[in-house]
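First the structure, in the form of structure tokens, and then the observations on it.
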Amino acid sequence: MLASLPQELETRFADLFGRPAEIVVRAPGRVNLIGEHTDYNDGFVFPCAIERSIWMAASPRSDGQVRAYSLNFGQSSTFSLNTIEKTQNPSEAWSNYLRAIAAILQKEGVALSGLDVVTYGTVPIGAGLSSSASMLVAAGLMYTSAVGEEIDLKRLALLSQRAEREFVGVNVGIMDQFISALGKRDHALFIDTRTLDYEAVPLPASGVQIVIADTNKKRGLVDSEYNNRRSECEQAVKILKGFLPSITALRDVSIAEFEQYAHALPEVVCKRARHVISENTRVLESITALKSGDIALFGELMNASHESLKDDYAVSCSELDALVTASRSVEGVFGSRMTGAGFGGCTVSLVADSAVNAFQEQVPALYQQATGLETTIYTTKAEQGAERIR
């Protein structure tokens with residue numbers, strides 16, 4: 001990790017390109033507190049931006065070339081804005097995010113300038129904390145800053161999602177880009193993924209911390225199982241539409257309606273639908289709990305979310321379950337759950353200030369005992385979303 005961002009990033013830029021950086025931007029990663037696998041069902045999510053970001057320093061060029069260097073990978077990559085293609089070179093794969101958002105911005109009629117770029121990230125890669133979304137959002141902010149174009153952050157989030165879908169080729173929801181662009185310090189963001197209405201909800205000013213623990217298990221089944229879950233949810237909607245003609249997504253089904261018609265669903269499809277419908281309710285209940293200062297209830301809802309993801313949605317794994325069990329065993333932990341797509345990645349826990357040290361001491365030992373793996377622990381506060389530093 002660079003010792004003092006962004007000054008050291010600017011020093012590295014000057015060393016590499018022989019001139020000062022005119023633009024410095026950052027966009028944070030995220031952790032979702034509750035509301036998992038609801039976004040592609042038009043549902044509710046409740047993420048916050050974390051104190052780890054993708055940083056970019058840049059200066060314009062007049063020849064339409066983008067010359068980029070990643071400090072994380074120690075690799076450079078060059079491409080022309082006139083013919084942007086996805087690189088097949090594995091050592092330059094990180095540059096596809098710079099290429100993707102440039103391609104989409106140009107499709108949208110934004111006249112871009114060539115750039116010299118240095119990028120550096122503190123968001124762990126492959127941990128489910130949205131390093132890819134933060135890379136796209138940071139790059140979009142950098143490109144528009146270079147040509148003096150003000151871009152609405154909501155639009156930036158949508159274009160970043162489009163870039164990942166159309167160019168990178170991953171069929172993502174909107175949550176990750178949205179929170180990276182629009183996060184608010186000391187708040188989590190309640191997002192309605194259908195309407196894109198959102199509300200910044202204050203997190204407790206003191207007394208609790210957000211603690212992320214990485215299973216350090218690379219996620220293997222995510223893509224194929226993600227597609228399976230989507231199709232199972234679509235199947236549930238198709239069947240339930242026979243009883244509830246006005247619904248277009250599981251978001252439209254109440255728990256009472258689900259219980260009335262669950263008998264018509266195949267067993268696995270029924271379980272998937274139950275998770276999504278109950279998870280949407282948990283998100284709404286958790287926001288009510290937070291606004292009334294009931295952290296204990298918020299923690300209970302996090303716990304219930306994990307059980308539902310494990311038993312009904314079947315996207316947890318033994319490593320995630322072991323980490324959740326270890327976390328909940330620490331006195332002063334209000335709640336703990338897997339966060340992100342599943343099959344590895346991270347857990348998120350709400351931990352009393354007084355228990356954070358105990359968490360950091362006890363959880364790694366318990367997790368290693370259960371799995372033979374080491375966990376990496378990050379404590380974080382809710383951070384501000386994407387911003388121009390210069």
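The values are calculated or read from the model by the stated rules, or taken from the named source; none is laboratory data. A quick note: this is a predicted structure, and the numbers were derived from the prediction, not measured. Cβ atoms come from the backbone with ideal geometry, glycine included; neighbour counts cover every protein chain shown. Note: accessible area is taken over every heavy atom of the protein model, side chains too, but ligands, DNA and RNA are not part of it. Shrake-Rupley method; radii C 1.70, N 1.55, O 1.52, S 1.80 Å.
Worth a mention:
The rows are residues; the columns are (1) more than 28 Å from Asn357 (Cα to Cα); (2) open to solvent by less than 70 Å² (accessible area, probe 1.4 Å); (3) among the polar types (S, T, N, Q).
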{"residue": "Asp214", "(1), (2), (3)": "no, yes, no"}
{"residue": "Phe258", "(1), (2), (3)": "yes, yes, no"}
{"residue": "Leu265", "(1), (2), (3)": "yes, yes, no"}
{"residue": "Ala273", "(1), (2), (3)": "yes, yes, no"}
{"residue": "Glu279", "(1), (2), (3)": "yes, yes, no"}
{"residue": "Ala289", "(1), (2), (3)": "no, yes, no"}
{"residue": "Asp294", "(1), (2), (3)": "no, yes, no"}
{"residue": "Asp311", "(1), (2), (3)": "yes, no, no"}
{"residue": "Ser316", "(1), (2), (3)": "no, yes, yes"}
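- Test for Ser318: is it free of Cβ contacts under 8 Å to residues at least 12 places away in the same chain and either of a type outside the set (Asp, Glu) or touching a helix residue (DSSP H, G or I) at 6+ places or on another chain (Cβ under 8 Å) (or both): no
- Within the range 153-184, the set of residues being at pLDDT 95 or above and not in a helix (DSSP H, G or I) comprises Gly183, Lys184.
- Restricting the search to strands (runs of 3 or more DSSP E) fully inside the range 11-126 and requiring at least 3 residues that are farther than 20 Å from Phe178 by Cα and open to solvent by 30 Å² or more (accessible area, probe 1.4 Å) gives 65-70, 75-80.
- Residue within the range 127-147 that is over 19 Å from Ser77 (Cβ atoms), within 17 Å of the chain's Cα centre (by Cα), surrounded by fewer than 23 Cβ atoms within 10 Å (Cβ to Cβ) and modelled with pLDDT of 95 or more present: no
- Scanning the range 323-333 for residues that are in contact (Cβ under 8 Å) with a residue 40 or more places away in the chain, surrounded by 20 or more Cβ atoms within 10 Å (Cβ to Cβ) and over 22 Å from the mean Cα position of the chain (by Cα) yields one hit, Ala326.
- Sole exception among (1) on the phi > 0 side of the Ramachandran plot; (2) over 22 Å from the mean Cα position of the chain (by Cα) for His37, by number: (2)
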